[in-house]
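All remarks here apply to the structure that follows.
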Amino acid sequence: MRVERLGITNLRCIESLGLEPGPGLNAILGPNGAGKTSVLEALHVLSHGHSFRRRARDGLIRRDSGSFMVRAEIGTDRGAHHSIALQRSRDGWAGRLDGSELERLGDLFAVFATCAFTPGSHELIDGGAEVRRAFWDWGVFHVEPEFLDDWRRYVRAMRQRNALLREGAPDRLFEPFEREMARAGERIAAWRAGYLAALEPRVRDRAQQLLPELGACALHGSAGYRIEQGGALATLLAERRAVDRARGTTTAGPHRADWALRFADRLEAAQLSRGQQKLMALAMVLAQADVYAAAKGHWPVLLLDDLASELDDPHQAALLETLAGAGMQVILTGTGWTPALAQHRERMTVFHVEHGRRIATALEA
């Protein structure tokens, strides 16, 4: 998958900006505050529906503007081409795919995929469970077409159950919602487990490249609930009503799922240094791209924000050498030419950005 044309209007400091990235390595260079990260944010929003910066929300809309718009022409090595657009106003979202307005934004996100490594990616390793679930579910969404519908059904039923818990409703009113939660939730748990099983060997390979000193690593997933062999989620939900009434919320289920990394010699992720956490997060992101490519037959677009601040020069050089021959479109940002970037200057498409505007390509500069 590759972005052939990108247009951004009124997103953060960008009033209007257009790029035509190359199919391989692309670098967006400029001083701090120039809008480089905002370009990557725009691509992430177009593929995920949210920024990779937490708590961004309406802050993405440029000051004194009522909405932002991101548009792109995308293609794959298999010959598929799509025109996509996403708009965010104070009133909500609107998406377009090949000229048609979308009722469900999930249809847009299904055709355009990005994986991002950013200064906040270490939260995959040391952050809260919601960060890891989001990473997990993005991967499942792209390999299991029914996942999103089941997740929506599960969440709707859980909200109804939570309302009943807070109202102190009689048991008979819970049963239809708990059956719906169980039907959808058990499928969600099975799909997530299958995805982790596919991801684990890819993570192990990527971690061996980046952090060989840690030894073999393994992924361990928790479904968010525990049942006895032969038991069912519906039975567990019924048994936990008294506990959940006291707390006013559903305390067991796929919405509480999580995964964790384990390394040789019983080393856990929390014991890694910050540098090791960043490298392990990068291994996770690259492994997710590997699984996506194996399932879809083409790579997602890889976004690397402020690479020089996240990786030392030897790791930058090794990463770029690996990516340069992978056939993956990579879009990275930086303030200037590091030694690692300079080694690949001749095969990079380079854009210079300042004050939210594209100043020149490498050939024009």
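The values are calculated or read from the model by the stated rules, or taken from the named source; none is laboratory data. This structure is a prediction, so every number in the text was calculated from the model and none was measured. Backbone-built Cβ (ideal geometry, glycine too); neighbour counts: all protein chains shown.
Applying the set (1) crowded, with 22+ Cβ neighbours inside 10 Å; (2) closer than 24 Å to His81 by Cβ; (3) among the small types (Gly, Ala, Ser) to Ser38 leaves exactly one unmet item: (2). Only residues that are touching a Ser or Thr at 6+ places or on another chain (Cβ under 6 Å), of a type in the set (Lys, Arg) and under 25 Å from Leu320 (Cα atoms) were counted across the stretch 1-56, and they come to 1.
For residues that are surrounded by 15 or more Cβ atoms within 10 Å (Cβ to Cβ) and in contact with a helix residue (DSSP H, G or I) (Cβ under 7 Å, 6 or more places away or on another chain), tally how many sit in the stretch 120-136. Here the count works out to 9. The residue that is farthest from Ala317 (Cα to Cα), among those in the stretch 1-49 that are touching a residue at least 24 places away in the same chain (Cβ under 8 Å) and acidic (Asp, Glu), is Glu15.
Exactly one residue among Pro31, Pro21 is part of a loop (DSSP other than H, G, I, E, B) and modelled with pLDDT of 95 or more, and that residue is Pro21.
Residues that are of a type outside the set (A, V, I, L, M, F, W, C) and within 15 Å of Ala197 (Cα to Cα) within the stretch 268-302 comprise Gln288, Asp290, Tyr292, listed in sequence order. Here the helices (runs of 4 or more DSSP H) wholly within the stretch 296-365 that include at least 2 residues being at pLDDT below 95 and more than 19 Å from Phe117 (Cα to Cα) are 339-342.
Screening Ser47 with (1) in contact with a helix residue (DSSP H, G or I) (Cβ under 9 Å, 6 or more places away or on another chain); (2) farther than 15 Å from Ala85 by Cα gives one miss only, at (2). When Ser67, Ser38 are checked against the criterion of being among the polar types (S, T, N, Q) and in contact with a helix residue (DSSP H, G or I) (Cβ under 9 Å, 6 or more places away or on another chain), Ser38 stands alone in meeting it. Restricting Ala269, Ala308, Ala317 to those that are free of Cβ contacts under 8 Å to residues at least 60 places away in the same chain, over 17 Å from the mean Cα position of the chain (by Cα) and closer than 24 Å to Cys217 by Cα reduces the list to Ala317.
Listed here are the residues, each with its yes/no results for (1) out of contact with any strand residue (DSSP E or B) (no Cβ under 9 Å at 6 or more places or on another chain); (2) surrounded by fewer than 18 Cβ atoms within 10 Å (Cβ to Cβ).
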| position | (1), (2) |
| --- | --- |
| Leu210 | yes, no |
| Ala218 | no, yes |
| Gly221 | no, no |
| Gly230 | yes, yes |
| Glu239 | yes, yes |
| Asp244 | yes, no |
| Thr250 | yes, no |
| Arg256 | no, yes |
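Restricting attention to the stretch 308-342, the residues that are of a type outside the set (Ser, Thr, Tyr) and under 21 Å from Arg202 (Cβ atoms) total 15.
Among the residues of the stretch 143-161, some residue qualifies, meaning at least one is closer than 30 Å to Gln276 by Cβ and touching a helix residue (DSSP H, G or I) at 6+ places or on another chain (Cβ under 9 Å).
In the stretch 263-283 there is at least one residue matching the filter, namely being within 30 Å of Leu320 (Cβ to Cβ), touching a Gly at 6+ places or on another chain (Cβ under 7 Å) and not polar (S, T, N, Q).
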